[in-house]
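What follows is a short report on a single structure.
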Amino acid sequence: MSEPAEHVHPLRRDVKVLTMRLLSALKDFYTFKELEEVLGIPYQALWRYTNFLTTPEEGTARKLVQVIREKKLIENAFERSFARVKSLSDIWDVVKNIGFLDLVAFETLELLNGEEVDGVLAFPEEAGVLGAIIAHWVRGNVCVTTRSVSLGDVVIEPFREDSLLLNFISISRGCIPKKGKVVLATIILYNRELLEAAVSIVKKSGAQPSALISIFATGSGWEKVVEDLGIYRYKIFRYVSLTR
């Protein structure tokens, strides 16, 4: 009896497309000359790859991804961005960069390690662009929570912004497929009840939280909070202490 084929996410299976998209994100942080020096590929070829004019051979693509990892180009790009974060407003300056968000989405794909998911729940609504880009990379749908009163049938969950103020998030019922696997995506973890509300919305929809991505987190101890909620596949890119 033959062994079952290895399960590979569709985008990871097409390593040529993955490589072109990854290079396109990295060019927001490195010049073509810098990439040429590190990757050993002429900058003219890199320019064609990043503009989707030429497709690299599969062997070349695999080698490029390997070198990108070995030379820590993604990690260094993140560090360049995180070094600028001194206040809350700096976060929004960082996450407006689509190349940065593409790298976050690539890391999400790596975190999933071949597991296919059905969608992404972005919470709160400020994380909508992040959720959409991750959904594009993992080839799933995106649902974005809202704090506004929605028309029609909704799934709603309350949470407290502080000890006094009661708020809520909601999505349209049916946005998350029943029995689906969902990635939770947020820009910053700062409120445990908000995270719990997002997890509850996924479960109320009949789906399963599969992973959590958060670019930033304030305070400490979020790993235990996330695992206590039954999510064991997660990535928090940077803990920060912020001023307004």
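The values are calculated or read from the model by the stated rules, or taken from the named source; none is laboratory data. Bear in mind the structure is a predicted one, so any value in this text is a computation, not a measurement. FYI the Cβ positions are ideal-geometry reconstructions off the backbone, even for glycines, and counts take in every protein chain you see.
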Counting only residues that are in contact with a strand residue (DSSP E or B) (Cβ under 7 Å, 6 or more places away or on another chain) and of a type outside the set (V, I, T), which one in segment 197-208 is surrounded by the most Cβ atoms within 10 Å (Cβ to Cβ)? A198
Looking only at segment 58-94, how many residues end up being closer than 23 Å to V120 by Cα and touching a Phe, Trp or Tyr at 6+ places or on another chain (Cβ under 9 Å)? 4
Which one is modelled with the lowest pLDDT among residues in segment 62-91 that are assigned to a loop (DSSP other than H, G, I, E, B) and loosely packed, with under 15 Cβ neighbours inside 10 Å? K86
Based on what the data block shows, is A61 under 18 Å from R21 (Cα atoms), touching a residue at least 24 places away in the same chain (Cβ under 8 Å) and in contact with a Ser or Thr (Cβ under 7 Å, 6 or more places away or on another chain)? yes
Of the conditions (1) at pLDDT 95 or above; (2) under 23 Å from S87 (Cβ atoms); (3) part of a strand (DSSP E or B), L194 satisfies every one except a single condition; which number is it? (3)
Quick check: anything in segment 145-157 within 18 Å of S210 (Cα to Cα), at pLDDT 90 or above and within 24 Å of the chain's Cα centre (by Cα)? yes
What number of residues within segment 137-179 satisfy the criterion of being in a loop (DSSP other than H, G, I, E, B), under 28 Å from E115 (Cα atoms), out of contact with any strand residue (DSSP E or B) (no Cβ under 6 Å at 6 or more places or on another chain) and of a type outside the set (D, E, K, R)? 2
Can you pull out every residue in segment 22-54 that is free of Cβ contacts under 8 Å to residues at least 40 places away in the same chain, surrounded by fewer than 19 Cβ atoms within 10 Å (Cβ to Cβ) and assigned to a loop (DSSP other than H, G, I, E, B)? T31, G40, P42, N51, F52, L53, T54
Give just the number: which of (1) more than 15 Å from the chain's Cα centre (by Cα); (2) of a type outside the set (D, E, K, R); (3) not in a helix (DSSP H, G or I) does L121 not satisfy? (1)
Residue check for P209: in the same structural domain as R233 (by TED's automatic domain parsing), in a loop (DSSP other than H, G, I, E, B) and within 26 Å of L18 (Cβ to Cβ): no
